[in-house]
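Colleague: Structure incoming, see below.
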Amino acid sequence: MKETIIYNLKTLVEEIAESDNTKKEWEDFLISLADAFGSEDMKGRIKEPLKNLLNFIDVSALVRGMELLNARIEGFPLPEMLKVVIEVLDEIKNDKEMRIRELGHVLAELATPIIRIWRDVLLVPLIGTLDSHRAQSMAEKLLERTASTRAKVVIVDVTGVPMIDTIVGGFLIEMFNAVKLLGSDVILTGIKPEIAHTLVKLGVDFNMVIIKRDLESALKHAIEITSDNRGGRYGQKRGSDYEE
Amino acid sequence: MDKKEGATMKNKVVPTIKLYDYLLVPIQIELDDNTVERLQMQILHEIHEKEVRGIIIDVSMVDVIDSYISFVLSETAGMAKAMGCYVVICGIQPQVALTLSQMGIKLKDIITAQSLEDAINILDKLE
Amino acid sequence: MNPQDYDIVLKIKDESDIAVSRQMAKNFAQKMDFSLADVTKIATAVSELARNIYRYAKEGYIYIRKKEGGSEKAPAIEILACDRGPGIENVELAISGGYTTSERSLGLGLAGIRRLMDSFHIESEVGKGTVVIVEKRRRVF
């Protein structure tokens with residue numbers, strides 16, 4: 001079979017390639033196939049060439065090509081070849097899924113910026129839906145930043161969050177409580193009417209945070225808190241969040 | 001104070017520092033159940049002996065705070081409160097804070113502060 | 001269950017074993033490349049499990065192993081805690097506990113463990129003992 005392929009390479013390529021720009025790829029593939037044929041690790045050796053070929057042609061074209069090779073070459077191992085094709089397709093699918101996951105991650109990163117908006121004040125504008133995975137990564141990132149920057153106040157703006165159910169509400173409560181354990185205050189803003197409605201209906205209570213109407217009043221309040229805490233020992237004003 | 005308690009005081013679990021009217025308790029050891037219980041006794045005795053009106057517990061070196069440790073710390077704060085003393089905890093590591101909040105643990109009766117400085121500021125503002 | 005299938009076997013008999021098991025779990029999770037927050041959550045969960053054994057059953061074992069997730073998923077850590085102690089009468093009650101209601105449920109920390117981990121199974125029979133199996137999957141980055 002090896003010889004059959006090599007001797008008839010040009011004719012086979014002419015026949016098999018459905019357009020001029022795939023000729024080169026088919027030729028490469030057929031050479032690798034001829035080379036790998038009969039060797040112990042034929043499957044392993046044609047995987048890569050096959051993957052490469054699939055970058056240029058679609059699956060149906062590949063199947064047509066395989067049928068043609070089967071007709072032209074005596075003893076062409078069609079079943080084995082198709083098995084390899086399936087494996088390769090599976091690998092390609094996995095690669096793609098991985099890419100999608102990675103992109104999802106990049107998107108989540110991009111969707112949760114943490115901005116130092118004022119001295120000792122961080123702003124977290126939440127955008128999009130929160131799942132457990134994203135919520136945990138976000139909470140980790142925010143806690144890390146709050147601790148490292150020693151921010152006094154964290155403003156969380158949920159204007160971009162489409163809905164808050166008990167699960168998302170639970171994530172937020174956990175995150176807020178964690179920030180408070182670091183000794184920082186949380187101001188929540190951007191709760192839309194429909195969200196306020198569901199929150200109360202579901203019994204989600206953000207009583208551990210300060211809630212402000214809009215970002216402007218949130219920032220104003222944050223600045224008041226941070227300036228209260230300046231002045232060191234024997235500072236001017238009192239104002240504590242100590243709950244009796 | 002009976003003899004046994006007096007003996008406990010001699011081998012303190014954590015060396016403490018008196019600063020203004022406050023007692024600084026930097027925890028630099030692994031907290032197991034026994035240690036944290038002994039620490040509770042130590043703190044209560046020191047409040048009494050040194051007449052401090054605030055305790056600052058620095059946990060920045062503590063890697064794990066589980067439900068029992070936090071319970072004993074809260075309990076200690078409640079006891080201190082009964083003696084007219086506030087308890088401030090500072091330096092909780094971010095991952096410890098996340099773990100505590102995910103477990104639903106609240107540090108009852110304890111004031112949280114970012115740092116030692118912050119803790120002193122907060123105590124200064126309280127009576 | 002075969003103890004040989006596990007990477008770490010810890011016997012809980014003394015109070016100090018709680019801190020030891022916590023440390024061992026922490027090191028193991030670190031080696032598995034869990035995030036720092038997840039390492040802390042795992043160590044805390046093990047600490048709770050070890051304490052339950054020590055407090056209620058006097059002695060028991062904690063088994064820890066790495067579970068490969070195959071090509072699709074990231075690996076997970078599995079922790080199994082078992083004892084021949086008194087057992088838990090009302091398992092439902094022991095693992096319940098919302099965010100706002102009783103913070104310590106029955107004081108077993110089971111509700112907390114359940115929240116920290118990805119999966120949580122418990123089997124308990126009064127007079128026979130308790131088995132808790134929890135798992136946490138490493139998040140893919």
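The values are calculated or read from the model by the stated rules, or taken from the named source; none is laboratory data. Note that the structure is a prediction, hence the values are computed from the model and not measured. Because the Cβ atoms are built from the backbone with ideal geometry, glycine has one as well, and the counts that use them run over all protein chains shown.
Colleague: Taking the criterion of being small (Gly, Ala, Ser), under 30 Å from residue C:12 (Cβ atoms) and more than 15 Å from the chain's Cα centre (by Cα), would at least one residue in region B:103-113 satisfy it?
Modeller: Scanning region B:103-113 turns up at least one residue that is small (Gly, Ala, Ser), under 30 Å from residue C:12 (Cβ atoms) and more than 15 Å from the chain's Cα centre (by Cα).
Colleague: Just to be sure, is residue A:171 of a type in the set (Phe, Trp, Tyr), surrounded by 13 or more Cβ atoms within 10 Å (Cβ to Cβ) and within 12 Å of chain B (Cβ to nearest Cβ)?
Modeller: Against the criterion (of a type in the set (Phe, Trp, Tyr), surrounded by 13 or more Cβ atoms within 10 Å (Cβ to Cβ) and within 12 Å of chain B (Cβ to nearest Cβ)), residue A:171 qualifies.
Colleague: Inspect region A:215-235 for any residue being closer than 22 Å to residue A:135 by Cα, modelled with pLDDT of 85 or more and either surrounded by fewer than 19 Cβ atoms within 10 Å (Cβ to Cβ) or outside the structural domain of residue A:140 (by TED's automatic domain parsing) (or both) and give the result as yes or no. Lay out the reasoning, then the answer.
Modeller: Here is the first cut: in region A:215-235, the residues closer than 22 Å to residue A:135 by Cα are A:215.
Still in the running and modelled with pLDDT of 85 or more: A:215.
In the following step, the residues that additionally are either surrounded by fewer than 19 Cβ atoms within 10 Å (Cβ to Cβ) or outside the structural domain of residue A:140 (by TED's automatic domain parsing) (or both) were identified as A:215.
Scanning region A:215-235, I find at least one residue that is closer than 22 Å to residue A:135 by Cα, modelled with pLDDT of 85 or more and either surrounded by fewer than 19 Cβ atoms within 10 Å (Cβ to Cβ) or outside the structural domain of residue A:140 (by TED's automatic domain parsing) (or both), so the answer is yes.
Colleague: Within region B:41-64, is even one residue within 14 Å of chain C (Cβ to nearest Cβ), among the aliphatic types (A, V, I, L, M) and buried (at least 22 other Cβ atoms within 10 Å of the Cβ)?
Modeller: Yes, there is a match, as at least one residue in region B:41-64 is within 14 Å of chain C (Cβ to nearest Cβ), among the aliphatic types (A, V, I, L, M) and buried (at least 22 other Cβ atoms within 10 Å of the Cβ).
Colleague: Looking only at residues in region B:25-38 that are within 17 Å of residue B:87 (Cβ to Cβ) and away from every other protein chain (no Cβ under 14 Å), which one is farthest from the chain's Cα centre (by Cα)?
Modeller: B:26
Colleague: Please count how many residues of region A:161-197 are more than 30 Å from residue B:58 (Cα to Cα) and either in contact with a helix residue (DSSP H, G or I) (Cβ under 8 Å, 6 or more places away or on another chain) or aromatic (Phe, Trp, Tyr) (or both).
Modeller: Here the count works out to 11.
Colleague: Something else about it: Could you list, in sequence order, all residues of region A:127-155 that are free of Cβ contacts under 8 Å to residues at least 40 places away in the same chain and farther than 17 Å from residue A:183 by Cβ?
Modeller: A:127, A:128, A:129, A:131, A:132, A:133, A:134, A:136, A:137, A:138, A:140, A:141
Colleague: In addition: Working only within region A:174-197, note down all residues that are away from every other protein chain (no Cβ under 14 Å) and at positive phi.
Modeller: A:190
Colleague: If you don't mind, another one. Hey, can you tell me all the residues within region A:115-161 that are crowded, with 16+ Cβ neighbours inside 10 Å, acidic (Asp, Glu) and more than 13 Å from chain B (Cβ to nearest Cβ)?
Modeller: A:157, the sole residue that qualifies.
Colleague: Could you list, in sequence order, all residues of region C:1-49 that are touching an Asp or Glu at 6+ places or on another chain (Cβ under 8 Å), farther than 14 Å from residue B:64 by Cα, of a type outside the set (Ser, Thr, Tyr) and facing chain B (nearest Cβ under 10 Å)?
Modeller: Correct list: C:15 only.
Colleague: Of the residues in region B:30-40, how many are charged (D, E, K, R) and surrounded by fewer than 19 Cβ atoms within 10 Å (Cβ to Cβ)? Lay out the reasoning, then the answer.
Modeller: Pass one, region B:30-40, residues charged (D, E, K, R): B:30, B:32-33, B:37-38.
From the residues that got through so far, the ones that are surrounded by fewer than 19 Cβ atoms within 10 Å (Cβ to Cβ) too are B:30, B:37-38.
Number of matching residues: 3.
Colleague: How many residues, within region B:55-76, are at pLDDT below 95 and more than 18 Å from residue B:32 (Cβ to Cβ)?
Modeller: 1
Colleague: Give the residues of region A:72-98 that are at pLDDT below 85, crowded, with 16+ Cβ neighbours inside 10 Å and assigned to a helix (DSSP H, G or I), sorted by residue number.
Modeller: A:81
Colleague: Moving to a separate point now. Report the residue count in region B:42-56 for those that are on the phi > 0 side of the Ramachandran plot and part of a helix (DSSP H, G or I). Explain how you work it out, then say what you get.
Modeller: First, pick out the residues of region B:42-56 that are on the phi > 0 side of the Ramachandran plot: B:51.
Now restrict to residues that are part of a helix (DSSP H, G or I): none.
The total comes to 0.
Colleague: Further question: Within region B:57-111, can you find the residues that are in a helix (DSSP H, G or I) and either basic (Lys, Arg) or touching a residue at least 40 places away in the same chain (Cβ under 8 Å) (or both)?
Modeller: The answer is B:81, and nothing else.
Colleague: Could you please find all residues in region C:4-40 being polar (S, T, N, Q) and not in a loop (DSSP other than H, G, I, E, B)? Step through it out loud before you land on a result.
Modeller: Taking region C:4-40 and keeping what is polar (S, T, N, Q), we get C:4, C:16, C:21, C:23, C:27, C:30, C:35, C:40.
Within region C:4-40, C:4, C:16, C:21, C:23, C:27, C:30, C:40 qualify.
Colleague: Looking only at residues in region C:117-141 that are away from every other protein chain (no Cβ under 14 Å) and either part of a loop (DSSP other than H, G, I, E, B) or small (Gly, Ala, Ser) (or both), which one is nearest to residue C:75 (Cα to Cα)?
Modeller: Filtering region C:117-141 for residues that are away from every other protein chain (no Cβ under 14 Å) and either part of a loop (DSSP other than H, G, I, E, B) or small (Gly, Ala, Ser) (or both), the one nearest to residue C:75 (Cα to Cα) comes out as C:124.
Colleague: Residues being closer than 23 Å to residue A:133 by Cβ, among the β-branched types (Val, Ile, Thr) and part of a helix (DSSP H, G or I): count how many of those fall in region A:168-214.
Modeller: 5
Colleague: Looking at region A:99-114 only, could you name the residues that are modelled with pLDDT of 80 or more, closer than 22 Å to residue A:146 by Cα and exposed (fewer than 13 other Cβ atoms within 10 Å of the Cβ)?
Modeller: Hit for region A:99-114 is A:113, nothing else.
Colleague: Looking for whichever is β-branched (Val, Ile, Thr), within 14 Å of chain C (Cβ to nearest Cβ) and closer than 17 Å to residue B:43 by Cα here; the options are B:92, B:69. Which one fits?
Modeller: Step by step, each of B:92, B:69 is checked, and only B:69 is β-branched (Val, Ile, Thr), within 14 Å of chain C (Cβ to nearest Cβ) and closer than 17 Å to residue B:43 by Cα.
Colleague: Right, something else. Hey, can you tell me all the residues within region A:205-214 that are more than 14 Å from chain B (Cβ to nearest Cβ) and surrounded by fewer than 20 Cβ atoms within 10 Å (Cβ to Cβ)?
Modeller: Taking region A:205-214 as the starting set, the residues that turn out to be more than 14 Å from chain B (Cβ to nearest Cβ) are A:210-214.
A:210, A:211, A:213, A:214 - these are the residues of region A:205-214 that are more than 14 Å from chain B (Cβ to nearest Cβ) and surrounded by fewer than 20 Cβ atoms within 10 Å (Cβ to Cβ).
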